Amino acid sequence: MENNRVKLQDTTTEAVTKMVEGNPGALHVSMELLGKEFGFVHYLKLDDYGIYGCRIWMCYRDLCGSNIGELYNLLKNNSLQEAIKEKCRQDEGFAMEWEYYKSKERG
C-alpha cells in the first residue's frame with residue numbers, strides 16, 4: 001500500500017513505534033504477535049490495512065476477546081478486514097469507537 005508507515009529500511013523497533021502510536025495496549029499486542037511464527041510478516045498486514053494505535057488494541061480486545069491466537073489467525077488468513085466489517089455491522093458501539101479512533105490516528 002502506498003501510504004504505509006513502515007518502510008523497508010525500518011528496524012523492528014522503528015516499525016513497532018510507528019504502529020503503536022504510544023498506546024500501551026497496542027504495544028502489548030505487537031510484542032505478542034511478533035513472538036509468533038512469521039509474526040512480523042503478519043504484523044505488517046496491520047500497516048497494510050491502516051490499523052494503528054488504539055485500533056490494534058480494539059482488534060485484540062473487542063474483536064478477538066483478548067485472544068492473541070485468534071488475532072494472529074485473522075491476520076494469517078487475510079480475514080481481519082472482513083471480521084472488522086462484520087463486528088461493525090453487529091455492534092454499533094464498536095463501530096462508533098472504531099471510526100472515532102480512525103479519525104484520531106496520526107498521519
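Every number in this text was worked out from the coordinates using simple rules, so none of it is lab data. In this text the structure is predicted, and so the values were computed from the model without any measurement. Here the Cβ positions follow ideal geometry from the backbone for every residue, glycine too, while neighbour counts run over all protein chains shown.
Helix-only arithmetic for the chain: the sum of -39500 (n - 2.57) across DSSP H runs with n ≥ 4, divided by the residue total, places the mean residue ellipticity at 222 nm at -19000 deg cm²/dmol.
For the stretch 12-104, the relative contact order works out to 25 percent when only alpha carbon pairs closer than 8 Å and six or more residues apart are counted. Helix 92-104 and the longest principal axis of the Cα set of the chain meet at an angle near 40°.
Write out the trypsin sites (Lys or Arg not before Pro) in the stretch 1-98 meeting two conditions: DSSP loop, and at most 15 other Cβ atoms within 10 Å of their Cβ.
Lys7
Can you tell me the length gained on complete extension of the stretch Glu70 to Thr13, counting 0.36 nm per residue apart and subtracting the Cα distance? Walk me through the numbers before you get to the answer.
Details: separation 57, 0.36 × 57 = 20.52 nm, distance 2.40 nm.
Extra length available between Glu70 and Thr13 comes to 18.1 nm.
Return the FRET efficiency for the residue pair Asn3, Gln81: r is the Cβ-Cβ distance, R0 is 22 Å, and the value is rounded to the nearest 0.05.
Working: r = 16 Å, r/R0 = 0.71.
Given R0 = 22 Å and the Cβ-Cβ separation, E is 0.90.
The loop-placed chymotrypsin sites (Phe, Trp or Tyr not before Pro) in the stretch 1-44, going by DSSP, that have at most 15 neighbouring Cβ atoms within 10 Å of their Cβ come out as Phe38. Loop-located GluC sites (Glu not before Pro) in the stretch 1-75 (DSSP state other than H, G, I, E, B) with a sparse environment of at most 16 neighbouring Cβ atoms within 10 Å: Glu2, Glu37.
To test your reading of the geometry: what angle, between 0 and 90 degrees and rounded to tens, separates the Cα axis of helix 80-90 from the longest principal axis of the chain? Approximately 20 degrees, to the nearest 10.
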